Amino acid sequence: MPIFTNTAKEICDFFSKQVSTSKLSKEINVLGGATAAAIDSIGKIGFGYSFNSFKEEQNNYSDSIQDVTQSLIRIGPLIQLLPYVQRLGTPAFRRWMLKISPFGAIRQLRNAVNFQNEQADKILRIRQELISSGVDISSEAGGGKDIITLLMKAEGREDSTIFTDREILVGHMNVLIAGGHETTSTATARILDKLAHNQGIQNTLRDELNYYYDKNPDEFNSKGLLELPYLDGVVREVLRLYPPFTIITRVCQEDTVIPLAYPINTPAGKISSIPIKKGTVIFLNSLFYNRHEDIWGERASEFLPERWIGKKLNEVTQTDLRLPGVYSSMMTFGAGSYGCIGIKFAVMEIKTIIAGLIRKFRFEPATQECIWLNIGMQFPYLKADINDSKRSPKLFLKVNEL
């Protein structure tokens with residue numbers, strides 16, 4: 001929690017500087033700040049490393065992640081060919097193919113991945129040197145309790161059965177950073193966007209936060225902050241209506257039969273179940289499930305934080321028809337044993353940052369109109385850039401310091 005609290009202070013200071021230097025009525029790109037906060041949080045907690053995202057005018061690691069996402073979008077259907085390309089020749093041959101590729105998006109993807117691998121390898125070397133030297137690293141980012149440091153220490157014990165290939169570890173680090181920062185940053189930005197367009201809800205949330213901190217000046221009281229009902233309602237409602245990932249992909253592990261909640265009438269008769277063969281790829285639309293009126297009622301598509309306050313789950317949903325989600329009866333974080341392992345990390349980070357920002361700033365819609373596009377993940381773009389193939393995600397809001 002102290003890491004999240006410090007990150008919240010950093011993003012508040014970052015926004016204050018942005019507001020003071022903004023030339024257009026205090027309109028700033030709030031997604032940029034949310035991205036910096038998310039990268040720093042995952043860096044410190046995951047790897048004991050600070051990317052110093054708020055201290056650089058341009059964060060190269062964040063840019064490389066955006067390059068990966070945007071280049072994959074531009075490659076489009078060609079992504080389906082990647083499993084086959086991976087089987088062609090040696091790794092050196094495949095790297096040569098990428099180098100001579102005539103597609104700019106593929107070259108951009110290659111350069112971004114190479115940069116991320118170099119950064120991850122650099123982080124590993126730094127942590128390994130610190131651990132090998134035996135110096136006290138409790139004052140380092142993460143306090144020596146980050147995931148990578150604990151894994152390295154466990155691997156170094158005489159009785160350890162852990163062995164992790166360095167290349168695999170670098171790959172896992174990149175996945176953890178990309179997955180752990182892009183979803184939380186877009187979710188944080190979406191919450192700010194909804195609050196900017198719903199001033200009454202923003203005021204109610206600010207009143208709750210101010211009342212709480214007046215009674216609890218200890219900002220590290222994480223349990224109390226995370227349990228604030230209106231803050232919880234706002235976060236849950238935005239994550240329900242606007243899940244960062246809108247498509248969840250799963251592969252059937254064995255032949256099975258899926259029963260249908262709603263049987264289908266066909267000329268051959270009624271179908272009440274569908275047989276699925278092993279290896280079948282299944283796409284789940286989290287937006288559909290999270291807004292299903294049979295689950296959430298007639299006002300399923302409305303932004304109503306109050307629906308979560310003072311109610312149990314079976315009172316929030318309208319019928320006994322519920323989803324096995326790991327976060328209430330919604331599919332935002334998936335379901336079952338393959339649900340998102342970072343759910344508590346994400347929710348804690350989002351709540352802490354939103355609490356810090358709403359107490360210090362008022363957010364309003366900007367004159368620079370932004371549009372959210374659903375491309376498997378939901379990203380905001382300037383309306384003026386919507387037809388630009390090289391556009392990058394941005395969300396401008398008018399920000400006034402209180």
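The values are calculated or read from the model by the stated rules, or taken from the named source; none is laboratory data. Treat the numbers as computed from the prediction; the structure is a model and nothing was measured. Backbone-built Cβ (ideal geometry, glycine too); neighbour counts: all protein chains shown.
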- Task: Could you run through region 127-137 and say how many residues are at pLDDT 75 or above and surrounded by 15 or more Cβ atoms within 10 Å (Cβ to Cβ)?
- Result: 2
- Item | Filtered residues of region 253-298 (kept if on the phi > 0 side of the Ramachandran plot and surrounded by 10 or more Cβ atoms within 10 Å (Cβ to Cβ)) | 279, 297
- Which residues, taken from region 355-389, are in contact with a strand residue (DSSP E or B) (Cβ under 8 Å, 6 or more places away or on another chain), over 18 Å from residue 182 (Cα atoms), of a type in the set (A, V, I, L, M) and surrounded by fewer than 17 Cβ atoms within 10 Å (Cβ to Cβ)? 386
- Out of curiosity, is residue 4 out of contact with any Lys or Arg (no Cβ under 7 Å at 6 or more places or on another chain), in a loop (DSSP other than H, G, I, E, B), buried (at least 22 other Cβ atoms within 10 Å of the Cβ) and modelled with pLDDT under 90? no
- Task: Spot the failing condition for residue 346; the list is (1) closer than 25 Å to residue 11 by Cα; (2) of a type outside the set (Ser, Thr, Tyr); (3) loosely packed, with under 13 Cβ neighbours inside 10 Å, and only one is missed.
- Result: (3)
- Kindly list, by first and then second residue, each pair from a residue in region 163-185 that is more than 17 Å from residue 126 (Cβ to Cβ) to a residue that is modelled with pLDDT of 75 or more and among the polar types (S, T, N, Q), limited to pairs with Cβ atoms under 6 Å and residues at least 6 apart or on different chains. 185/35
- Given the conditions (1) modelled with pLDDT of 75 or more; (2) loosely packed, with under 12 Cβ neighbours inside 10 Å, which single one is not true for residue 115? (2)
- Message: So residue 171 passes all but one of these: (1) part of a strand (DSSP E or B); (2) small (Gly, Ala, Ser); (3) at pLDDT below 90. Which condition number does it fail?
- Response: (1)
- Say we look at region 200-239 and pick out the residues that are buried (at least 17 other Cβ atoms within 10 Å of the Cβ) and not in a helix (DSSP H, G or I); which of these is nearest to the chain's Cα centre (by Cα)? 228
- Residue list for region 179-199, restricted to those being at pLDDT below 85 and surrounded by 19 or more Cβ atoms within 10 Å (Cβ to Cβ): 180, 181, 182
- Which numbered condition residue 334 fails, given (1) at negative phi; (2) surrounded by 12 or more Cβ atoms within 10 Å (Cβ to Cβ): (1)
- Test residue 391 against the criterion of being of a type outside the set (A, V, I, L, M, F, W, C) and part of a strand (DSSP E or B), and give yes or no. no
- Query: Using beta carbons and a limit of 8 Å, which pairs, at least six apart or on different chains, have the first residue in region 240-252 and within 17 Å of residue 324 (Cβ to Cβ) and surrounded by fewer than 19 Cβ atoms within 10 Å (Cβ to Cβ) and the second one modelled with pLDDT of 90 or more and small (Gly, Ala, Ser)?
  - Reply: 252/279
- Message: Taking the condition of being touching an Asp or Glu at 6+ places or on another chain (Cβ under 9 Å) and closer than 26 Å to residue 39 by Cα, how many residues in region 203-214 meet it?
- Response: 0
- Query: Filter region 331-345 for residues that are in contact with a Leu (Cβ under 9 Å, 6 or more places away or on another chain) and among the aliphatic types (A, V, I, L, M); which is modelled with the highest pLDDT?
  - Reply: 331
- Just give me the residues in region 293-313 being assigned to a loop (DSSP other than H, G, I, E, B), within 28 Å of residue 250 (Cα to Cα) and at pLDDT below 90, in sequence order. 297
- Task: Would you mind telling me which numbered condition in (1) at pLDDT below 70; (2) under 20 Å from residue 179 (Cβ atoms); (3) in a helix (DSSP H, G or I) residue 142 fails?
- Result: (3)
- Query: Which of the residues belonging to region 335-381 are part of a loop (DSSP other than H, G, I, E, B) and free of Cβ contacts under 8 Å to residues at least 24 places away in the same chain?
  - Reply: 339, 340, 341, 369
